[in-house]
Amino acid sequence: MNTAELTLAGGRVVTPDGVLEDGWVRISGGHIAEVGTGPARGPAVDLGGRWLVPGFVDIHCHGGGGGSFTGIEVDQAHTAITAHRAHGTTTMLASLVSASLPDLAKQISGLADLVTDGLLAGIHLEGPFLSAARCGAHDPAILRPPETAAVQQLLDAGQGAVRMVTLAPELDNAENAVRQLVDHGVIAAVGHTDAVLEQVVPAVEAGATVATHLFNGMRPLHHREPGPIGVLMEDERVTVELICDLVHLHPTVVKLAASHAGTGRTVLVTDAISATGAGDGTYELGKLPVTVVDGEPRLADGSLAGSTLTMDVAFRNMVTCCGLSVPEAVAASSTRPAALLGLADRVGAVRCGLAADLVVLDADLRLTGVIKDGAWASGEVPLPMVEPRR
C-alpha cells in the first residue's frame, strides 16, 4: 500500500484539544494533513474504536533489543532505535553513562551522525558529573566535578548533538556548568545527587530545568530537609522524569508526582538498557556487569541498573495502575518531552502539519501499530481497510 496518502478512521483520536470519538486522521507526504470526526473521505484503515495517540518521545534511554548506545558501534545504536520504535518510540535521545572523557568523546562522535540523519533527536550525558554517594549504576571511580574545560570537551565532541547533561549540583563548579550548558542551548538536568535544598536551588536558578528520574538516584525527601526532590517537584520551571515500570516507583508515588507537577511538567522515560526486549541474562551498562532476572536489571549489590521498560508499557502503567487519564499519559509520553526538546512544531501531538508519527492502542492500551513519518514501522498495514461510508 502506498503510505504517501493514508487515512486512519473510526478511532478515539487524542488531540491537544481533547479526545475525538469516531475520529479520523489523513496523512499526506509523511505529515498530518487533516484531523476530523465522522465519516472519512476515501478508503481508510479501520481503527475499530482503538486509541490513536502521537508517537512516544523518550528523553532517557540507554539501549534496547540487545543493542546499546554506550559503545562506539553504530550498528548497536540502530538495533536499539529499531527495538524501541517497535514499541511506539518515534523520537528519542540516546543516553550515555559515565566514562572517561576520551571514551565519552568517542561515543558522542559516533552517535552524532545519527543525530544529523534524524534517527536520534540528540544525546543525553548521564554522567560523569555525578555524586559518588548516589551513583547507582555508574562507576564511582570515573565520576568527576563538571569543570568548565571538561564540559566543553564533551560539547565540542558532539558539535551540537548533545542536548541534555545530568549533573549533581553539590559538585564543585556545578552552578557555572549549568550556565555553560544553558548558554550552549543544552538542557541542564539535576540527578544522581546527594544535595540538600540549599545546594539544589542555585542550580535551578542558574537554569537547570529537568529532574533526572525523580526519586531515583537522589537524596530522599525528608519532612525537615526536602533535598532535591522537594525543590524539583515544587519549582514550576522544572520538568520531572518518572520511570513508570512499577519497580523504580510505586504507583502511588507516580500519581502523587504527576498530579503535583501536572501535564506541563511531567515526562515518562524508560531509562532502558540493552536488555530491553532481549530477555533475562547478563549484560553490561557502560563497563559494569548487570544481571537481569524477571525483567529487573541489577548490579551485584542489588542496585537497580536502568530498566527493561518500553514507552508503551510506561504509558499503559500510568493509566491502568497509577490512575492518570489517557490524555495525561499522552502529555507525559509525547507532548511535554517534545516541547522540552524544542520539537513541538514537529512531533508530540496529533495536529495538522506535524510529522505523522502515531501509535495505535487497543482498548486495553496495548500497542497494535506504529507509524513513523507516515509509514507503518512494521512495513505492513496491521488493521483492516474500509471503504468510505455513504
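For Thr82 and Asp301, the difference between the fully extended length at 0.36 nm per residue and the C-alpha to C-alpha distance is 75.7 nm. Helical content alone sets the calculated 222 nm signal of the chain at -7500 deg cm²/dmol, taking -39,500 (n - 2.57) per DSSP H segment of four or more residues and averaging over every residue.
Dividing the mean sequence gap of close Cα pairs (under 8 Å, 6+ apart) by how many residues the chain holds gives a relative contact order of 21 percent. Axis of helix 148-158 versus longest Cα principal axis of the chain: the two differ by about 30°, to the nearest ten degrees. By the count of other C-beta atoms within 10 Å, a proxy for reagent exposure, Lys372, Lys287, Lys106 are ordered fewest to most as Lys287, Lys106, Lys372.
Sorting Phe69, Phe215 by the number of Cβ atoms found within 10 Å of their own Cβ, with the fewest placed first, yields Phe215, Phe69. Between 0 and 90 degrees, the angle of helix 74-85 with respect to the longest Cα principal axis of the chain falls at about 50 degrees. Using the empirical formula 2.2 N^0.38 Å as the baseline, the Cα radius of gyration of the range 1-110 reaches a ratio of 1.43. Label-to-label distance for Glu21 and Val386 is 1.5 nm, based on points extended 7 Å past Cα in the beta-carbon direction. Temperature 10 °C, viscosity 1.306 mPa s: under these conditions the Stokes-Einstein estimate for the range 56-340, based on its Kirkwood radius over C-alpha pairs, is 87 µm² per second. Around Gly348, with a cut-off of 10 angstrom between Cβ atoms, what is the net charge of the other residues, counting Lys and Arg +1 and Asp and Glu -1? Neighbour charge sum, excluding Gly348 itself: +1. Extension gain for His184-Asp113 works out to 23.6 nm (0.36 nm per residue, less the C-alpha to C-alpha distance). At full extension, Thr252 and Asp280 could sit 7.3 nm farther apart than now, given 0.36 nm per residue minus the alpha carbon distance. The modelled label-to-label distance between Ala149 and Thr37, using points 7 Å beyond Cα along the C-beta direction, is 6.3 nm. Restricting attention to the chain, close to 55% of DSSP beta bridges with both partner residues there are antiparallel. Over the Cα atoms of the range 156-265, the radius of gyration divided by the Kirkwood radius equals 0.97; this is the Rg/Rh ratio. The value for the range 90-187 of Rg(Cα) / (2.2 N^0.38 Å) is 1.01.
Legend: ranking of residues Ser378, Ser109 from fewest to most surrounding C-beta atoms inside 10 Å; resulting order Ser378, Ser109.
Read the figures in this text as sums done on the coordinates, not as results from a lab. These numbers come from a predicted model, not from an experiment. Virtual Cβ from ideal backbone geometry, glycine too; neighbours counted across all protein chains shown.
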